[in-house]
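Notes follow the structure.
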Amino acid sequence: MKAVRGTRDLLPPETELWNRIETTARQVFARYNFGEIRTPIFEDTALFARSVGEETDIVEKEMYTWEDGERFEKSLLISRWSLANRERFGTIEDNSPSGAVPIDLECEDLDGNFELVLFGAKPSKRSVDVLASAVSDKRALLTQLQSDKDVTGRHVFASPVPGVPEETTPEGVLLEAFHGNFFKSSQSLTLRPENTAGVVRAYIEHGLGESGQLQKLYYIGPQFRRERPQKGRYRQFWQIGAEVIGPPSSGSESPLRDAEVLEMLATLLEDLGIAGWTLELNSVGSAADRAKYNDVLRAALVDVAPKMCGDCQRRAVTNPLRVLDCKVPEDQPIIEGLPKIGDSLGDDSKQHFAQVTAALDTAGVPYTLNQRLVRGLDYYTRTTFEFTHGGLGAQNALLGGGRYDGLSEAIGGPKAPGIGFAMGLDRLVLTLQAQEATQAAAPAAKADAYIAPIGESLNAAALVLARELRRAGLRIELGDGSFRLKKSFEAADKTARRIVILGEDEHQSGILTVKDFISGKQTKVPRAELAANLARPAGE
Ligand code: AMP
């Protein structure tokens, strides 16, 4: 068995780099006073359809979606069956749930004979027994009343196919397979393809805006998209992201929030040691500006779209803005000739954007303006941005984000403007690995010492010694007394900077033999001084 295409295992020592990045991100978020949020890995499919947008690649073809379980709709089966059988009976009485017998319907036909009917998804031994005993109770009652009327038991269950003949069980119960679909899928669920929708859903669900305060939330976790896997693009990938969201009175719409988020990202990349990034910046305007630009673009595309790729031809009709995302080389000159979004922005949007760029200029955060940067998701408004890195090749986006002033309302929440971003952790790792490969590769970290018990009888004593040293904060590798000394030395040399030999003599005397692999020196160290001795850099 292998990991599924587009997913992978992360192994040590690479996971050390992942942890280092996550730790640095947490530290930076703490300095900017963000708190962590963890949302579920799957959500209602409708959440993504409504927030990310129906006409996006993510929702159209990249989501992992499934129907979560089926629910048997008994009341539907009962009403359809009753309708089909109403001619046979004088009365049909609903016997559940308060009836004395645990059956669903008690029917009396035109001759006064009774039929007790039980409904279910499928018959079981238990349900047949229940029905048979209800029938015999009813018969007993009729005998007491000296009635000569008959009682039958009928068990009706749902059948996906028509024409299944009726059967009689050994208990004398009629089994009827009633054709129809009486199962309803309970819910459509989707593995999250991104995390902003989940955060905004949680913001609404927990009334986080009610405090009137700006909410500053960050997350670190896996996301899932069925994309064509390649370097830097996976089907399960990790994102580190953050959102700043709140009611307008909390200042959530202020251009200062945009500038602060971008300045934080520049700081985070610097703290991570990532050099050579480019911040690409644009404004897609308010929802009204976007709608206006969409019309302008749609009109401009009428003549040129037939010369473009199939995707663009489709997008020209469904979601013209997405044409700007096209990467097909032949389409580029056409796209360059299309109207620019900057010309469709209203005064408010222009002013907002000017204040964002002015604050970045003052703070010394460099950026390039890119009017084609509209981002693939529907919820963006006003500021949109991407940080790219030349070292990444085709998948060159380290992170992307922007403002989403109408998102909360689009999924049924209060007005809550916000801005956020998501960075690809996989891509940060690739960038740092490439950078470190060009610098001197750091040797893999080794343990402070390897403890080698001599003989299995000393294994337990070695475990106690390892515990003592680990509690003193040392990184210890524990060997095994069944190894020959030579094998212990070989294993120790690979994993640790020193070996501590625990033979019978050392155990009795409390004086241990320590060999330093860097200096090659072998010394005797009293147990009380061992931790301090091993804490020194090797080679001294
Ligand atoms: P998006 O919202 O699609 O722009 O995603 C934000 C960031 O997540 C991107 O800039 C990438 O760094 C990262 N990302 C998106 N999709 C993938 C993927 N399939 N594999 C790895 N990283 C991804």
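The values are calculated or read from the model by the stated rules, or taken from the named source; none is laboratory data. All figures in this text were calculated on a predicted structure; none of them were measured in a lab. All Cβ positions, even for glycine, are placed from backbone atoms using ideal geometry, and neighbour counts span all protein chains on display. Accessible surface areas use protein heavy atoms only, side chains included; no ligands, DNA or RNA. Shrake-Rupley method; radii C 1.70, N 1.55, O 1.52, S 1.80 Å.
In percent, how large is the relative contact order of the chain, given Cα pairs closer than 8 Å and 6 or more residues apart? Dividing the mean separation by the residue count of the chain yields 13 percent.
Using the Karplus relation 6.51 cos²θ - 1.76 cosθ + 1.60 with θ = phi - 60°, the per-residue 3J(HN,Hα) values for the range 221-226 come to x, x, 10, 9, 9, 7 Hz, with x marking Gly and Pro. In terms of the mean number of neighbouring beta-carbon atoms within 10 Å, the peptides 116-129, 487-500, 291-304 order highest first as 487-500, 116-129, 291-304.
Taking Cα atoms only, the orientation of helix 125-144 departs from the longest principal axis of the chain by about 30 degrees. Using Cβ point charges alone (K and R +1, D and E -1), the dipole size of the range 273-323 about the Cα centre works out to roughly 160 debye. For residue 175, nonlocal amide neighbours, meaning residues 5 or more places apart or on other chains whose placed amide H falls under 5 Å from its own, are 155, 167, 168, 169. Coupling constants for the range 61-66 follow from the phi torsions by the Karplus curve (6.51 cos²θ - 1.76 cosθ + 1.60, θ = phi - 60°), and in residue order they are 9, 10, 8, 8, 10, 8 Hz; glycine and proline get x. Calculated FRET efficiency, residue 32 to residue 2, Cβ-Cβ distance, R0 = 45 Å: about 0.65 to the nearest 0.05.
Ranking 267, 164, 476 by Cα position along the charge dipole of the chain, where only Lys, Arg, Asp and Glu carry charges on their C-beta atoms, puts 476 farthest toward the positive end. Across the range 468-480, rounded Karplus estimates of 3J(HN,Hα) from the backbone phi angles (6.51 cos²θ - 1.76 cosθ + 1.60, θ = phi - 60°) give 4, 6, 5, 5, 7, x, 8, 9, 10, 9, 9, x, 8 Hz, Gly and Pro being marked x. Taking Cα atoms only, the orientation of helix 255-272 departs from the longest principal axis of the chain by about 60 degrees. Calculated [222 nm] ellipticity per residue, helices only, for the chain: -11000 deg cm²/dmol; basis is -39500 (n - 2.57) per DSSP H run with n ≥ 4, divided by all residues, nearest 500. Working from Cα pairs under 8 Å separated by at least six residues, relative contact order for the range 143-251 is 19 percent. In terms of its C-alpha gyration tensor, the chain has an oblate overall shape, because the principal axis ratio a/c (a ≥ b ≥ c, square roots of the eigenvalues) is not below 1.5 and a/b does not outweigh b/c.
If you take all other residues with their beta carbon under 15 Å from the beta carbon of residue 430, and give Lys and Arg +1 and Asp and Glu -1, the sum is +2. What does the C-alpha gyration tensor say about the overall shape of the range 270-422? Classify as rounded when a/c is under 1.5, otherwise prolate if a/b is larger than b/c, or oblate. Because a/c hits 1.5 or more and a/b fails to exceed b/c, the range 270-422 counts as oblate.
Taking a sphere under 13 Å around the Cβ of residue 4 and counting the other residues whose Cβ falls inside, with K and R at +1 and D and E at -1, yields a net charge of +4.
Explain nothing, just the number: relative contact order of the range 151-203, from Cα pairs under 8 Å at least 6 residues apart, as a whole percent. Across the range 151-203, relative contact order equals 32 percent. Taking trypsin sites (Lys or Arg not before Pro) across the range 205-283, none is in a DSSP loop with at most 10 further Cβ atoms lying within 10 angstrom of its Cβ. Pull out a ≥ b ≥ c, the square roots of the eigenvalues of the alpha-carbon gyration tensor of the range 125-186, then state rounded if a/c is under 1.5, prolate if not and a/b is larger than b/c, and oblate in the remaining case. Prolate, because a/c is 1.5 or more and a/b exceeds b/c. When each of the peptides 503-515, 313-325 is scored by how many other beta carbons lie within 10 Å of its residues on average, the order from highest to lowest is 313-325, 503-515. With K and R counted +1 and D and E -1, the other residues having a Cβ less than 13 Å from that of residue 372 yield a net charge of -1. Residue 347 contributes about 120 Å² of solvent-accessible surface, heavy atoms of the protein only, 1.4 Å probe.
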